[in-house]
Amino acid sequence: MPVRIHPSILSADFANLQAGIERVATADLVHVDVMDNHFVPNLTLGLPVVEALQKVSPLPLDLHLMITDADRWAPVYAESGAYSVTFHAEAAQDAVATARRIRQIGARAGLAVKPGTSIAPYLELLAEFDLLLIMTVEPGFGGQSFMADTMPKLSAAREAVDRAGLDVWLQVDGGISEDTIGIAAAAGADTFVAGSSVFGAENAANQIELLRNLAAQHTH
């Protein structure tokens, strides 16, 4: 199983995001957190910044929309040219229709769930998505501690994906570091969002390689 590392620019220098992305050019994708101060109590960046990053990023963009009215806005972000657009199940009225629209536009469609949200209703719908994001912290802020009690949910998702023979990435986001990435990999994750662990390192490329190797040791 391939291991993917997606550094989160939530931990980069917001005064120079282009330089931040260039620091992590050896990663697989760059994770961009869009927060609207409604769905989560934080405000980060929106569509104009995403469009600007799209023009300068050496890596494809993996967008994580922590915003209300995902059915309306997720396709708009897909039209920015993002490689992947993930929206929250809790913010969508019709997650399947929204995912289909994202795919029609040409992006991968991802579904995210908060730590307290059951994935049971979505396990039969996994074929409609390209990525399932299991939040391992409460969404809204970087630098939080990894919530190990979300791992049974991840394991259930891995079992469902494998049983159905689907190509659905299982992503974890929140508190991912060299101490926790093996736990998430062993539970079934193959795609890892790391923010402060990567951007806080003196050499981001070396840290990405370290995380990738640690995850690979624990993947199925």
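Set the Förster radius R0 to 35 Å, insert the Cβ-Cβ distance between N213 and E51 as r into 1/(1 + (r/R0)^6), and round the FRET efficiency to 0.05. Working shown, then result.
Numbers: r = 34 Å, r/R0 = 0.98.
Efficiency computed from Cβ-Cβ geometry: 0.55.
Taken about its Cα centre, the chain carries a charge dipole of about 260 debye when Lys and Arg each add +1 at the Cβ and Asp and Glu each add -1 at the Cβ. Taking a sphere under 15 Å around the Cβ of R103 and counting the other residues whose Cβ falls inside, with K and R at +1 and D and E at -1, yields a net charge of -3. The relative contact order of region 31-147, computed from alpha carbon pairs under 8 Å that lie at least 6 residues apart in sequence, is 21 percent. Between D162 and Q93, the simple label model (points 7 Å from Cα in the Cβ direction) yields a spacing of 3.9 nm. For Q144, the amide hydrogen comes within under 5 Å of the amide hydrogens of G175, counting only partners 5 or more places away or on other chains and with H modelled in the peptide plane.
Think of region 4-216 as a dipole: +1 on every Lys or Arg Cβ, -1 on every Asp or Glu Cβ, centred on the Cα centre; then among I9, A187, Y122, Y122 lies furthest on the positive end. Considering only alpha-carbon pairs that sit under 8 angstrom and 6 or more positions apart, the relative contact order computed for region 4-216 is 20 percent.
Percent antiparallel among DSSP beta bridges with both residues in the chain, to the nearest 5? It would help to have the intermediate numbers written out before the result.
Details: 1 of 33 bridges.
Percentage antiparallel, nearest 5: 5.
Considering only G106, H38, A78, and ranking their Cα positions along the charge dipole of region 4-216 that arises from unit charges at the beta-carbon of Lys, Arg, Asp and Glu, the one farthest toward the positive end is G106.
Run the dipole for region 34-108 about the Cα centre, Lys and Arg Cβ at +1, Asp and Glu Cβ at -1, nothing else charged, and hand back the magnitude in debye, nearest 20.
On the way: 6 positive and 8 negative charges, 55 e Å.
I would put it at about 260 debye.
Every read-out reported here was derived from the displayed coordinates using simple, explicitly stated rules and does not represent laboratory data. Since the model is a prediction, treat every value here as computed from it, not as a measurement. All Cβ positions, glycine included, derive from the backbone under ideal geometry; neighbour counts span all protein chains shown.
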